[in-house]
Amino acid sequence: MNKQRGFTLLELVIALAIFAVLGLASWGLFDSVVRVQRGATAHERELRSLQRAVAVIERDLLHVTAQPMVLAPPLLQFQRSHWRNPLDQPRSELQALTYRLDGGVLWRESQGEGTELVQRQKLLEGVRELRWRLFDRQSGWVAHWSSGQDAKAPLALEVQVSVGRFESIRRVLPMPGELP
């Protein structure tokens, strides 16, 4: 009687082939999960930068003054109050702001009243298109605006932007005079 000990070569080759197929399937699954995670992370990063830019614009609009506002695409200019002064320096709380699109980058330029220094802040990169509109009760939505000292302030600002994966994002931001 011939007793067999161990595995035959054929059994070892079949076992190795099964493990190789399982390993390749596992690697393919792992690779696809990593790619999806990278895509989701990039999407989240783009969404956060867009939300951050809109939040800055919204915060500035909450403190807009009755001073002239100019909308001449691709730029928006207005003056805001309540400029933070954490060091309690002797200066005005008024700040002139300009938002402009330059080479696919949305810039926020600020200049304190009575100062020469203009600070530039990069708000959003990769902007393909940016449109501003202001709403007035008499004129409706307008793409050009230049208000004087005696003119009524607009009721809302519409920002429409195409950036990254987002084809068109539209936000309507109420002006402070119209907030409840």
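Each value in this text was obtained by applying a stated rule to the coordinates, not by laboratory testing. If you're wondering where the values come from, they're calculated on a predicted model, not measured in any experiment. So basically every Cβ, Gly included, is an ideal-geometry build from the backbone, and we count neighbours across all protein chains shown.
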Under 5 Å from the placed amide H of residue 164, counting only residues 5+ away or on other chains, we find 128
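Please report the net charge: other residues with Cβ closer than 14 Å to the Cβ of residue 52, K and R +1, D and E -1.
Numbers: positive: 45, 48, 59, 108, 122, 171; negative: 44, 46, 58, 60, 125.
Overall, the nearby charge balance is +1.
Over the chain, what is the percentage of antiparallel beta bridges among all DSSP beta bridges, to the nearest 5? List each step's numbers first, then the result.
Working: 45 of 45 bridges.
If we restrict to bridges inside the chain, about 100 percent are antiparallel.
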Applied in sequence order to segment 9-21, the curve 6.51 cos²θ - 1.76 cosθ + 1.60 (Karplus, θ = phi - 60°) yields integer Hz couplings, x standing for Gly and Pro, of 4, 5, 5, 5, 5, 5, 5, 5, 5, 4, 5, 5, 5
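Which FRET efficiency value, to the nearest 0.05, is calculated for residue 172 and residue 122 with the Förster distance at 30 angstrom and r the Cβ-Cβ distance? Don't jump to the answer; show the numbers that get you there.
Working: r = 24 Å, r/R0 = 0.81.
That pair, residue 172 with residue 122, gives E of 0.80.
Any idea what the alpha-carbon Rg over 2.2 N^0.38 Å comes to for the chain? Could the numbers behind the result be given before it?
On the way: Rg = 28.9 Å, N = 180, 2.2 N^0.38 = 15.8 Å.
Normalised by 2.2 N^0.38 Å, the Cα Rg of the chain equals 1.83.
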Counting DSSP beta bridges in segment 24-124, what percent are antiparallel, to the nearest 5?
-> 100
Note, segment 53-62: 3J(HN,Hα) by Karplus (6.51, -1.76, 1.60, θ = phi - 60°), whole Hz, Gly/Pro = x, goes 5, 5, 5, 5, 4, 4, 4, 5, 5, 5
With label points built 7 Å along Cα→Cβ from the Cα atoms of residue 59 and residue 37, find their separation and express it in nm.
-> 3.2
Difference of contour (0.36 nm per residue) and Cα-Cα distance, residue 113 to residue 8 = 28.9 nm
